[in-house]
């Protein structure tokens, strides 16, 4: 391949990005772009799959049959989201099995929020309200991400995710209208999840090495800090309506900026959780590994059966 | 690292209601055609989204090149396996 | 077209998903209200107490088995089957809710009494505030899941039996039970299909999968007999033409199971039945049941005045 041809392809690619057109799987793309998309989509898919665990923890203990059905359907959706996103990744020539190996071996990350434990049923509501709410802030712009299959998967994910946030908020509202013990459960849960939810947007822009290139390529559409601000502005009135306080003494409306001022999460804790020493990191990965290993004989059996080509 | 064989990839098309085309909704893995249809029902029509499902093995789809004006690159375009990331390389092999 | 709008005019079959009604969260995969337009008065000639007791049996089977199947969530062999098993669990949970609600309507005295001011609806009072001895499910559905081979074997026998039962119940003189059964037939037909296909796949897949399936079948077989034993309540329900004597579907179930076994090339297990008489149907359960209920009921019982 000549240098001119290379330069032409690169120019084509840059033009497509500039016009906010989508890159499709079989288009030429720079190696770094491909690697970046794979990294981001895989991390997103892993987050959905690991995210099944903290909420799945409460399916068998849900306190009403209606809540049990809602929670089961919700966790099931997360499996679906993981599946859509793994599929988007596979269009770039990397298989689900490889991605699962990378998750289990710790070579690829997932959202650090899922390394926190779920300690009461209120956490199901709080995860829906704050964690899914933060996820929606992150994800809605991704429906317009430059990589076509990722954007299309995100359209489906976002539609289902908005249900998730609403069911969470509705659970918390219902609990707030219940007993004093229930109200205390909700407040305690919000206290635990508020800061980790803010961390979901990633480190401050100044410390986010990948942001600039990802934005230039249209893989990412907003900076971490912009999204975090948006989330805080959204959550404050929701917390008021709910009747809970957010555990941040610095939280205040800034008339001049037209936004809320707020305190910084503990970024040392964030770094620790990302690097593996969060409260549940080892447990989450061990669970995934066990399920994957225990399922190996089943997956092999289906392949062997299909290879025999027998019709039922 | 050994690469374990995986269930093949299927592309799924759903007819949302009578009178509409089947539309591509995504993909999934299945060991065979029957399983692909059943998985598609579970994965892509959980909320009563469809009246009819097509499942097609991804490797049986014939596709045009995105770049027909430039036949030089066309033959490579539809072959993901010609791309380096398709091959799993042990992580302790340097400089790959 | 402005490329920014691409996602907005995406030709998606999922458009309008947000407009759906909330019931789709609560009734498994079938979102239509199965009781729309159904006369809910107890028909003449039907004893409300027997109807309630009978609905508890079918409802508790579904509830307890849904609980077990939901334990597969995030633990299945692959994502596709995680989703499929959750669907089956959701279907059964939906059946349980309708049946428990019918039991409460047919005989309010079966519903545990809660403190004054408790907002807990009857279906939840029945699920979360009944003691073990008041549950009427067969022991077959209480047993721990075991591996995927045990799970598939258990699901095959259960869904084959339940499908045969529901098909007959669709002609029940109780219009509510008939409507619940008609809805259930569609769901359980799929459950049986899912189990049957996996059964044959495992039987003819690898040596390992065949070994595990054979072991799984032998594990579930001894308690299976209990499904076909007729309790007093079921006998009276059959007399009053709203219920089915489970022994009468035995031959049909047997024929289907025999067909699947033959296709799979697997022999009927030669293991003795476990226990005699309709044990679970009279409130005598296995050791697994107490733990299952302790887990299922722990949050609800801690908050008898709670709103969820």
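Points worth noting:
- According to the calculation over all Cα-Cα pairs in the stretch A:76-148, the P(r) per 10 Å bin from zero is 15, 41, 36, 8, 0 %.
- Cα-Cα P(r), the stretch C:192-254, percent of pairs per 5 Å interval: 4, 16, 16, 18, 15, 11, 9, 7, 4, 1
- Projected-area average for the protein assembly as shown over all orientations - Cα convex hull basis, square nanometres: 33.9
- The mean number of partner chain beta-carbon atoms within 10 angstrom of a residue's beta-carbon across peptide C:294-302 is 4.
- Counting all C-alpha pairs of the stretch C:171-308, share separated by more than 17 Å (%): 74
- Placing R0 at 35 angstrom, the Cβ-Cβ distance between residue C:282 and residue A:119 gives a FRET efficiency of 0.35 after rounding to 0.05.
- Highest-first arrangement of A:270-281, C:239-250, where packing means the average Cβ count within 10 Å: C:239-250, A:270-281
- Unit Cα scatterers, Debye sum, chain C: log10 I(q)/I(0) for q = 0.09, 0.15 Å⁻¹: -0.48, -1.23
- Distance distribution note for the stretch C:124-243: the fraction of Cα pairs above 22 angstrom is 47%.
- Taking all Cα pairs closer than 8 Å and separated by 6 or more residues, the relative contact order of the stretch C:121-269 comes to 30 percent.
- In the distance distribution for the stretch A:52-111, Cα-Cα pairs more than 19 Å apart total 44 percent.
- At the listed q of 0.09, 0.14 Å⁻¹, the Debye profile of the stretch A:17-310, built from one uniform point per Cα, gives log10 I(q)/I(0) equal to -0.46, -1.10.
- Taken over the Cα atoms of the stretch A:1-51, the convex hull encloses 85 Å³ per residue.
- Average other protein chain Cβ within 10 Å of Cβ, residues A:56-62: 6
- Among beta bridges that DSSP assigns inside the protein assembly as shown, antiparallel share in %, nearest 5: 95
- 10 Å Cβ neighbours from other chains, averaged over peptide C:61-74: 4
- Mean separation of Cα pairs under 8 Å and 6 or more residues apart, divided by the residue count, gives the stretch A:17-310 a relative contact order of 20 percent.
- Calculated mean residue ellipticity at 222 nm for the protein assembly as shown: -17500 deg cm²/dmol, from DSSP H runs with n ≥ 4 weighted as -39500 (n - 2.57), summed, divided by the residue count and rounded to 500.
- Our compactness index for the stretch C:81-147, the C-alpha radius of gyration over the empirical 2.2 N^0.38 Å, is 1.31.
- A quarter of the convex hull surface defined by the alpha-carbon atoms of the stretch C:30-149 gives 9.4 nm² as the mean projection.
- For the stretch A:162-294: rounded, prolate or oblate by the Cα gyration tensor [a/c cutoff 1.5]: oblate
Read the figures in this text as sums done on the coordinates, not as results from a lab. Nothing here was measured: the structure is a model prediction, and the numbers come from that model. When we count neighbours, we look across all protein chains shown, and the Cβ atoms used for this are built from the backbone with ideal geometry, even at glycine.
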